[in-house]
Amino acid sequence: MSAHWDVVVVGLGAMGSAAVYHLARAGAQVLGIDQYAPPHNLGSSHGLSRIIREAYYEDPRYVPLLQRAYTLWADLEQRAEETLLTPTGGLMVGLPDQELVQGASHSAALHDLSHERLSAAQVQERFPAWQIPDDWEAVYEGRAGFLHPETCIRAHLQAAKAAGASLRLNTPLQSWEALPTGGYRLQVGGEYIEAAQVVFTAGAWLQELVPVLQPALTITRQVLYWFEPLQPALFTPEAFPIFILQDAPDHFVYGFPDDGHGFKIALHVPGQPLGVAADLSQQVAPEEIAAMQAIVTRYFPQAAGPLRKTAVCMYTNTADHHFAMGAYQPGLWAISPCSGHGFKFAAVIGEITAQWVQGQTPAYDLSLFDLDRLMGQGRVDTRGSY
Ligand SMILES: Cc1cc2nc3c(=O)[nH]c(=O)nc-3n(C[C@H](O)[C@H](O)[C@H](O)COP(=O)(O)OP(=O)(O)OC[C@H]3O[C@@H](n4cnc5c(N)ncnc54)[C@H](O)[C@@H]3O)c2cc1C
């Protein structure tokens with residue numbers, strides 16, 4: 001006799017740890033499994049910090065989700081009795097007619113969010129670490145900051161266990177198949193189990209588990225850099241807000257204050273494409289470091305001290321950079337909010353996933369994320385393997 005679960009959640013990173021928590025709270029008999037022991041540094045959720053912001057330049061339809069995410073992160077923070085979110089304020093900086101500044105202003109105005117529009121001179125006066133062209137502008141929002149991703153994942157997993165979830169770490173899903181009688185049979189760490197529903201929150205590995213999504217997803221290698229500031233006082237979390245900077249139509253840079261690990265900066269541009277997650281190289285080439293040093297020197301000259309460290313991570317991208325999530329056949333859920341901006345939403349995505357699995361309709365416009373836009377008409381998988 002195979003063990004039988006209401007729901008199995010495959011992948012316990014940012015999204016899976018939140019999903020397993022909300023499912024357990026809702027009373028489901030839920031098993032969460034991961035091939036590793038999250039939080040780990042082999043997927044998409046490591047590197048010590050993830051931006052959270054509200055005046056969302058990508059589309060104003062994200063704002064109600066963010067507002068719920070802020071509430072849920074605060075709730076989890078109280079349960080965990082640990083800091084999950086460090087508020088710093090946030091700057092979206094660039095030419096006033098480009099996507100970043102225009103989009104952030106539009107979302108802020110539409111949702112009546114507290115924000116300020118700053119000239120280049122005002123940015124440099126208030127935040128003297130910055131050096132930018134005179135014709136640039138910024139949107140400043142006071143509510144932005146950064147989440148501590150590893151602590152968030154640990155907190156969600158601990159809260160999930162406390163709410164009754166079962167977790168199996170270092171246990172890969174090897175294969176799955178739809179049962180003719182309904183539900184699914186899964187091979188997990190060499191053993192067979194059954195589940196009425198399955199949630200795939202496998203990040204960069206999702207395309208291998210759900211082959212129907214493979215043509216729609218591109219995995220890319222992303223590098224994070226930490227520099228030693230020359231003037232540390234300019235880069236403390238009190239003095240230096242998180243930022244995104246757009247200096248060309250498709251060129252975005254983002255960064256964080258020095259919270260003890262150095263000034264962290266990275267490109268928010270899809271990096272080198274990978275066939276599968278296992279192709280990821282952790283090596284960072286000298287040319288990559290030199291290119292980032294040039295950016296730091298141009299915009300933050302007082303941060304251009306020695307490189308402290310780098311890390312390599314993966315984006316799972318869709319062509320339109322919106323998330324991919326929903327049921328792709330009855331009882332089988334693919335939840336992939338990435339394209340490099342999903343972490344801040346993990347808490348609310350976990351709640352939405354639990355509502356979907358229970359047959360409820362979440363109170364948000366989720367049309368941006370529809371799986372149908374990504375899948376060829378009529379394509380269905382009845383099995384998959386890893
Ligand atoms: C460099 C970088 C910077 C980013 N910056 C930001 C930011 O500032 N703000 C923001 O909001 N977002 C940001 N993001 C995006 C955000 O981090 C991701 O959207 C999010 O972490 C994705 O979480 P996930 O749960 O989908 O994937 P992961 O956290 O990688 O989890 C997937 C899990 O599935 C497991 N798994 C895979 N296959 C199997 C299997 N066969 N069996 C069992 N388990 C399996 C893996 O081991 C892994 O633990 C960034 C991403 C990167 C890479």
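Since every read-out is calculated from the coordinates, none of them should be taken as a lab result. As the structure is a prediction and not an experimental result, all values here were calculated from the model. Here the Cβ is made from the backbone with ideal geometry for all residues, glycine too, and neighbour counts use every protein chain on show.
In plain terms, the residue of 344, 264, 161, 309 with the fewest other Cβ atoms within 10 Å comes first and the most crowded comes last, giving 309, 161, 264, 344.
Based on Cα contacts under 8 Å between residues 6+ apart, the chain shows a relative contact order of 24 percent.
What net charge is computed for the residues neighbouring residue 68, neighbours being all others with C-beta under 12 Å from the C-beta of residue 68, Lys and Arg scored +1, Asp and Glu -1? Intermediate results must be reported in sequence, preceding the final value.
Working: positive: 344; negative: 54, 75, 351.
Every neighbour counted, the sum reads -2.
Stokes-Einstein D for region 53-93 at 37 °C, 0.692 mPa s, Kirkwood Rh over Cα pairs, in µm²/s? After rounding, the answer is 285 µm²/s. How many percent of all Cα-Cα pairs in region 210-260 sit more than 15 Å apart? It works out to 64 percent of all Cα pairs.
Over the Cα atoms of region 1-79, the radius of gyration divided by the Kirkwood radius equals 1.03; this is the Rg/Rh ratio. In region 1-140, the C-alpha radius of gyration followed by the widest Cα-Cα span (Dmax) gives 19.8, 70 angstrom.
Angle, helix 63-80 long axis vs. longest principal axis of the chain, Cα atoms, 0 to 90°, nearest 10? Tilt relative to the chain: about 80 degrees.
Taking N as the residue count of region 131-204, its C-alpha radius of gyration divided by 2.2 N^0.38 Å amounts to 1.88. Between residue 189 and 174, the built amide H atoms are under 5 Å apart, and every one of these is 5 or more places off in sequence or on another chain. For region 232-357, the Stokes-Einstein estimate of translational diffusion at 10 °C and a viscosity of 1.306 mPa s comes to 93 µm²/s, using the Kirkwood hydrodynamic radius over alpha-carbon pairs. Ellipsoid fit via the Cα gyration tensor, region 127-258: semi-axes of 43, 20, 13 Å, each the root of five times an eigenvalue, largest first.
Note on the chain: Cα-only Rg and Dmax are 20.9, 70 Å. Taking the Kirkwood radius as Rh and the Cα radius of gyration as Rg, region 27-68 has a ratio of Rg/Rh equal to 1.12. The phi-based Karplus calculation (6.51 cos²θ - 1.76 cosθ + 1.60; θ = phi - 60°) puts the 3J(HN,Hα) values of region 290-305 at 5, 5, 6, 4, 5, 5, 4, 4, 5, 9, 9, x, 7, 9, 7, x Hz, whole numbers, x for Gly and Pro.
When every Cα-Cα distance of region 63-160 is counted in 10 angstrom steps from zero, the calculated P(r) takes the values 14, 37, 27, 18, 3 percent. For the chain, a Gaussian network of Cα nodes joined below 10 Å ranks 353, 171, 181 by mean-square fluctuation, and the top entry is 181. In order along region 8-25, the phi-based Karplus estimate (6.51 cos²θ - 1.76 cosθ + 1.60, θ = phi - 60°) of 3J(HN,Hα) comes to 10, 9, 9, x, 10, x, 4, 7, x, 5, 6, 5, 5, 5, 5, 5, 5, 4 Hz; Gly and Pro are listed as x.
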